[in-house]
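Below is one structure, written out as structure tokens, with a few remarks after it.
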Amino acid sequence: MFLNIYDIIVVGGGHSGMEASLASSNMGSRTLLITTNLQTIGQMSCNPAVGGIAKGQIVREIDALGGYSGFVSDYSTIQFRMLNKSKGPAMWSPRAQCDRKLFSYYWRFLLEKNIRLDLYQDTVTSLIIEKNRIKGVKTFLGLEIKGKSVILTNGTFLNGKIHIGGKKINGGRIAEQEVRGITEQLTKNFGIKSGRMKTGTSPRVDGRSLNYKKMKPQYGDEHPRKFSFFHKTKKLTKQKKCYITYTNQEVHNLIHNNLDISPIFSGSIQGISPRYCPSIEEKVYKFPDREQHPIFVEPEGWNTVEVYINGFSTSFSEKIQYQSLKKISGFEKVKILRPGYAIEYDYFPPDQLKPNLESKFIENLFFAGQINGTTGYEEAAAQGLLAGINAHLKIFEKDPFILKRNQAYIGVLIDDLITKGTKEPYRMFTSRAEYRMLLRQDNADIRLTPMGYNIGLISEENMNILNNKKLKVKKCISLFKNESLKPEVINPVLEKNKSPIIYSNKKIKSILSRSEIDIKDIISIPFLEKEIKKNNFNQEILEQVSINIKYKGYIDKEKENAKKLLKLENLKIPNNFDYKKIKSLSLEAREKLDYYRPISLAQASRISGISPSDLSIILIYMRR
Amino acid sequence: MLDLNDDTIVALATPIGTSAISVIRISGKNSISIVENIFIPVKQGKKLKNQSTHTIHLGYLVEEDKDLLDQVLISIFKSPFSYTGENMIEISCHGSYYIQQKILQLLIRKGTRLARPGEFTFRAFLNNKIDLSQAEAIADLILSENKVHHGISLQQIKGKLSDNIKNLSKELLNFVSLLELELDFSEDNLMFSNRKELILFLKKLGNTLKDLIESFSLGNAIKKGINVVIVGESNVGKSTFFNQVIQEDRSIISHMKGTTRDCIEGEIVLNGILFHFFDTAGMRNTLNPIEVIGIKKAIKKMKESQVILYIFDSSKKKKNKKIVNDIKNIKKKYPLKDLFVIANKSDLSCCLHNFDKIKSKTDFLFEISAKNQKEVKKILDTLSKLFFDRLKKKKIIITQNRHYESLKLSLKEVLLAYDALKKELSEDLVSIHIREALRYLGEITGEITNEDILKNIFSKFCIGK
């Protein structure tokens, strides 16, 4: 039934495992995806939404590289919003509420369509490792399956323990069994460090029991967009509403009085939880001055009454969850469908990985997703994609595929993980990126699609689409640079927007670079309208041109800064570099460098405790 | 940060201080064009860029206002035939501290940057100009130079400067955290900051930075000395006074008007503070071209000094009106400089001068005979006490050129952020400037990372769904 030997075995069928499987099989590896329950493939364990600030950018990057998270989200979107539209373009972040069922349905469909990919339902309980090299996996049913490379994407399943009030349930997700054996084998036999993390999820309730009149509706965008650059899906003509309401002092009092029996405060949860996604009890405890906290009611799909109560993640008993929810405005008659819960799980500190997400200790064993201490579907999917690509490249003896910090949020993500590790669940923020202005959602294709093409994940056809877009953008920019506007034509527009009028002809570019002038204000000028029509400059092109002109100063500044870093980035340190021999390095630097084994001077510079003089010294020895 | 930039660096290659000549070294792609810009060759029409490597050229360095700075020899070393392997220029100039600093500052204004410890050697290494066997020695050199450097900065870290800058950084960090919070968590529809408050905050911060930057000149004073220029009409006893101060006969003293045609420099240390005294040509109408040059120099020196000593002859009663006028003019032209007025030749005077009128114009009026050592000393004591007290009073003084540069760059970014906020640009754009400002401050106190910003956010605000 199984191949004699697989190129790649992916353990786990979540966001990470699915992207990994499709990437490696699309690149030509014979791949097996093995998961405990084929029914729950592509499950959204937490809230039914994809994207958001910094995360939306990641989804666009995945799409630009040839991954599928954006496509599947587009297919299952029930509401789309471009967040932060009032801010600079670096902040524009796509976010979609999704139909939970459609989301997993379509993922499964895509996996099944792939002829080089086998699916199998069983639980991997240990790894076959010979001479610190992965050889395959052993399963709960007693099978031994051989593989040249294994990607672990176990999510929250390794020794997962669920807390609901005083109840402790072993499990990787509610009503699903946890996985034992892998952590024990890796830590005991191979000295790989592991840690415990905690995350939580909110109760889901019956939407019919809520009084929406007491809440503020939140609508989707008037002109909803899509995540995917290349995969076309149906236009979203109708959208579901979300609602916002708030907790109040009464809710807080009730929570406060019961803090001592919350597993988080009673001491029964040891794992480290994320600071930016606190449970409601942590919010009440840490910020006693806040009179209210926002609660977001998110529909779970087109055809279900179930809604997700975002902002109310909790580990309280179902009784206290019910009592406190009832006190929220609009929730007076609430009926809970599924209580929220907290979950503790094993993770492996990611500073034990190489930049290609391969273990430093076991060859051809890759780690991706929540097992690396991250949180979020998007972060997991991104790692899965990169692990899939790199596992394939490794067994075919090609150079690893590593994204730099100035190239992609995915680059920032993986670089942060491997050089700094993480002590709490790691989530992406735009503030983690040094070159936010370069890493925009609108240019993810320009940044990454050529790379996706080079590794074989982007088709010739899609590459042509990109080249065509680039050509048009260039053409349009040169039009704006060379053509002038007469005062009598543009002054009415300027006056309308309270912009100083002009007295002689001015180039279009200089008018557009004024912060108070939007491209929409000028494209209706007859002569421009004609040019735009003639050249078929669509909205995507015009937006690209507008960003490039309006924010040129900032973009250039970041490009300049990135260029400086690039020089360090290009100075590769040989893998067998012997730091211990260099007496001029401080002892701390010697030990850290020996442990992290940075691939470049730039990466070395980001390790805490490495000084500029250390870098100079390494450089000198590198030249030897 | 380790620099692999192709920018142009400059440093003094000979020890700081007075010597016969000193050498200033410049390395980098633009070395030749930068120097070309400020160099007037003796041979008209000569272009440095057209000269071959390893050649020497005589000429003058000029400042932006076309003032001649010094007569110099320029040695050209073209890439790759130089010590660093890059285009290099060596300027041999006259060895006064003043000239050295003037030339360095001019070069920095023209686009060079002060080299870091060991940077010339480091560049030489990068360009394979140094034998491999020397590698280890250089590594140790960098290490030791950094240690020295580190030692210096440790001193500063213990001091108030670093505390102050750390406070500034902290305030900026709070500021940028607020911005980032709104950006990264705007999904939660939260508004934290009030733009008006942010604008006010940036204004205040800009002023603090300005203060620090201005303290550099006072800081420089401690390190490099305070310039004191002696001015006055011809033959009022400026040179006598000068010679009493430095106690050696350097100025030619005679009773002929206009004997001191050039500026003469002397240094003394009072109360631990270094003072440079400049004796200048007497201010009088003259047609003698050499004297005209001398008077011009005197005016220039006045501009560059912190203290002006105005001397007049109290035995000459007729001049009263002119003296009051002179003092008025100096006060008006240099309101921020300290003015000492000295009524000389008290031994000859008939005390008929209207000192009240003069007194009302200045805080410091002395009646002395410049021949009397004791009376001169009284003036010096007042002078040194003035600066000593001032130093004690000033909380923070910037003394390092490196700090000065970082603060200036930081201020520039703060002002840009201020503009951006005023123009109602988005927070992410404002944030770019604040982060740059933080980065420059970080060059003084240690880097602030993105992680620090996030930590700060999480410790202060309740966020996340």
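Values as computed for the structure displayed
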| item | result |
| --- | --- |
| Looking only at the range A:499-516, and only at residues there that are under 13 Å from residue A:546 (Cα atoms) and away from chain B (no Cβ under 13 Å), the one that is surrounded by the most Cβ atoms within 10 Å (Cβ to Cβ) | A:508 |
| Residues within the range B:77-121 that are outside any helix (DSSP H, G or I) and of a type in the set (S, T, N, Q), tallied | 7 |
| Flag for residue A:559 being more than 13 Å from every other protein chain (Cβ to nearest Cβ), among the basic types (Lys, Arg) and out of contact with any His (no Cβ under 9 Å at 6 or more places or on another chain) | no |
| Some residue of the range A:213-226 being within 14 Å of another protein chain (Cβ to nearest Cβ), touching a Lys or Arg at 6+ places or on another chain (Cβ under 9 Å), of a type in the set (Ser, Thr, Tyr) and under 30 Å from residue A:359 (Cβ atoms) | no |
| Residue in the range A:103-111 that is touching a helix residue (DSSP H, G or I) at 6+ places or on another chain (Cβ under 7 Å), buried (at least 18 other Cβ atoms within 10 Å of the Cβ), among the aliphatic types (A, V, I, L, M) and not in a helix (DSSP H, G or I) present | no |
| Residues (aromatic (Phe, Trp, Tyr) and crowded, with 19+ Cβ neighbours inside 10 Å) located in the range A:231-263 | A:243 |
| Total residues in the range B:14-53, condition in contact with a helix residue (DSSP H, G or I) (Cβ under 9 Å, 6 or more places away or on another chain) and either outside any loop (DSSP other than H, G, I, E, B) or loosely packed, with under 14 Cβ neighbours inside 10 Å (or both) | 17 |
| Filter pass, residue A:553 being on the phi > 0 side of the Ramachandran plot, surrounded by fewer than 17 Cβ atoms within 10 Å (Cβ to Cβ) and within 13 Å of chain B (Cβ to nearest Cβ) | no |
| Residue that is farthest from the chain's Cα centre (by Cα), among those in the range A:587-610 that are surrounded by fewer than 17 Cβ atoms within 10 Å (Cβ to Cβ) and modelled with pLDDT under 85 | A:587 |
| Verdict on residue A:529 being surrounded by fewer than 20 Cβ atoms within 10 Å (Cβ to Cβ), more than 34 Å from the chain's Cα centre (by Cα) and under 26 Å from residue A:494 (Cα atoms) | yes |
| Breaking point among (1) within 14 Å of another protein chain (Cβ to nearest Cβ); (2) touching a Ser or Thr at 6+ places or on another chain (Cβ under 8 Å), for residue A:581 | (2) |
| Subset tally (residues that are hydroxyl-bearing (Ser, Thr, Tyr) and modelled with pLDDT under 80) for the range B:369-421 | 1 |
| Residue within the range A:562-578 that is free of Cβ contacts under 8 Å to residues at least 60 places away in the same chain, within 30 Å of residue A:482 (Cβ to Cβ), facing chain B (nearest Cβ under 10 Å) and part of a helix (DSSP H, G or I) present | yes |
| Scope the range A:126-158; condition in contact with a Lys or Arg (Cβ under 6 Å, 6 or more places away or on another chain) and within 23 Å of residue A:374 (Cα to Cα); matching residues | A:126 |
| Only listed residue being hydroxyl-bearing (Ser, Thr, Tyr), at pLDDT 90 or above and within 30 Å of residue A:465 (Cα to Cα), chosen from A:513, A:524 | A:513 |
| In the range A:596-623, residue nearest to the other protein chains (Cβ to nearest Cβ) [restricted to those that are in contact (Cβ under 8 Å) with a residue 60 or more places away in the chain and not in a helix (DSSP H, G or I)] | A:608 |
| Count of residues meeting criterion [buried (at least 21 other Cβ atoms within 10 Å of the Cβ) and assigned to a helix (DSSP H, G or I)] in the range A:395-414 | 6 |
| Test: residue in the range A:260-280 that is closer than 30 Å to residue A:70 by Cβ, modelled with pLDDT of 95 or more and within 14 Å of another protein chain (Cβ to nearest Cβ) | no |
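The values are calculated or read from the model by the stated rules, or taken from the named source; none is laboratory data. Note that this is a predicted model, so its numbers are computed, not measured. Every residue, glycine as well, gets a Cβ built from its backbone with ideal geometry; the counts of neighbours run over all protein chains shown.
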